[in-house]
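The values are calculated or read from the model by the stated rules, or taken from the named source; none is laboratory data. What you see is a predicted model; the values in this text were computed from it and never measured. Counting neighbours? That spans all protein chains shown, and the Cβs are built from the backbone with ideal geometry, glycine included.
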Amino acid sequence: MKNIFFAIIVSLLLIACAGTEPKGKSMSDDLGSTEKVALLRERANEFWSAFVKRDYERVYDIYDPFFQSRTAKKSFVGQLGMLQYHDFEVKDIKVEGNVAKVTVKVVYSMPHYTVKMQEFKVPETTTEFEEPWLYVYDNWFKEYYLQSIEAGIAKY
């Protein structure tokens with residue numbers, strides 16, 4: 001008799017708990033609140049600030065996990081440094097669910113480099129462009145996107 005009573009109580013508790021929502025709602029269900037946009041602005045500023053500081057390990061950490069799964073941090077960090085970023089400004093943010101476009105203005109230069117008998121040098125130049133960001137797990141990540149072939153690693 002005790003076992004039946006205990007089984008009924010446990011069943012009622014499980015049924016009652018099944019209908020409750022978790023306490024903290026995931027922001028991935030959030031389609032563009034001011035908090036989600038503010039988090040993206042913070043992450044974009046962190047990303048470009050790391051480029052200006054030449055903290056390429058931090059830059060790597062903010063790229064999307066799909067890119068990180070295919071590219072070793074050491075390999076990525078070893079490729080950077082030819083372009084030097086001097087300043088940036090996050091101009092505009094457009095959020096559509098878990099995908100966003102961030103318009104950024106950057107000031108960059110390239111010191112004198114010689115590669116295979118060709119010389120390269122770019123004076124301080126200002127440019128503005130739009131870049132893709134993805135909301136994954138619990139934060140925004142800069143999508144690694146190759147503009148030249150108009151493709152990234154993430155499939156969505």
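Could you grab the pairs with beta carbons closer than 7 Å, sequence gap of 6+ or different chains, first residue in the stretch 75-104 and part of a strand (DSSP E or B), second one surrounded by 13 or more Cβ atoms within 10 Å (Cβ to Cβ) and polar (S, T, N, Q)?
From the stretch 75-104, the pairs are 84/109; 86/109; 90/45; 91/103; 92/103.
Among the residues of the stretch 80-115, what is the count of those that are out of contact with any helix residue (DSSP H, G or I) (no Cβ under 8 Å at 6 or more places or on another chain) and small (Gly, Ala, Ser)? Steps first, answer last, please.
First, pick out the residues of the stretch 80-115 that are out of contact with any helix residue (DSSP H, G or I) (no Cβ under 8 Å at 6 or more places or on another chain): 82-84, 89, 91-92, 94, 96-97, 99, 101, 103, 105, 107-115.
Those left that are additionally small (Gly, Ala, Ser): 97, 109.
Count: 2.
Would you mind finding the one in 92, 87 that is surrounded by fewer than 13 Cβ atoms within 10 Å (Cβ to Cβ), acidic (Asp, Glu), closer than 20 Å to residue 58 by Cα and modelled with pLDDT of 95 or more?
None of the other options fit; the residue is 87.
Within the stretch 95-108, which residues are aliphatic (A, V, I, L, M) and exposed (fewer than 15 other Cβ atoms within 10 Å of the Cβ)?
Hit for the stretch 95-108 is 99, nothing else.
Taking the condition over 15 Å from residue 141 (Cα atoms) and modelled with pLDDT of 95 or more, does residue 55 pass? Steps first, answer last, please.
Values: over 15 Å from residue 141 (Cα atoms): yes; modelled with pLDDT of 95 or more: yes.
So residue 55 fits the description; yes.
What about residue 50, is it without any contact (Cβ under 8 Å) to a residue 40 or more places away in the chain, among the small types (Gly, Ala, Ser) and touching a Phe, Trp or Tyr at 6+ places or on another chain (Cβ under 8 Å)?
So residue 50 fits the description; yes.
Spot the failing condition for residue 41; the list is (1) closer than 14 Å to residue 133 by Cβ; (2) modelled with pLDDT under 95; (3) not hydrophobic (A, V, I, L, M, F, W, C), and only one is missed.
(2)
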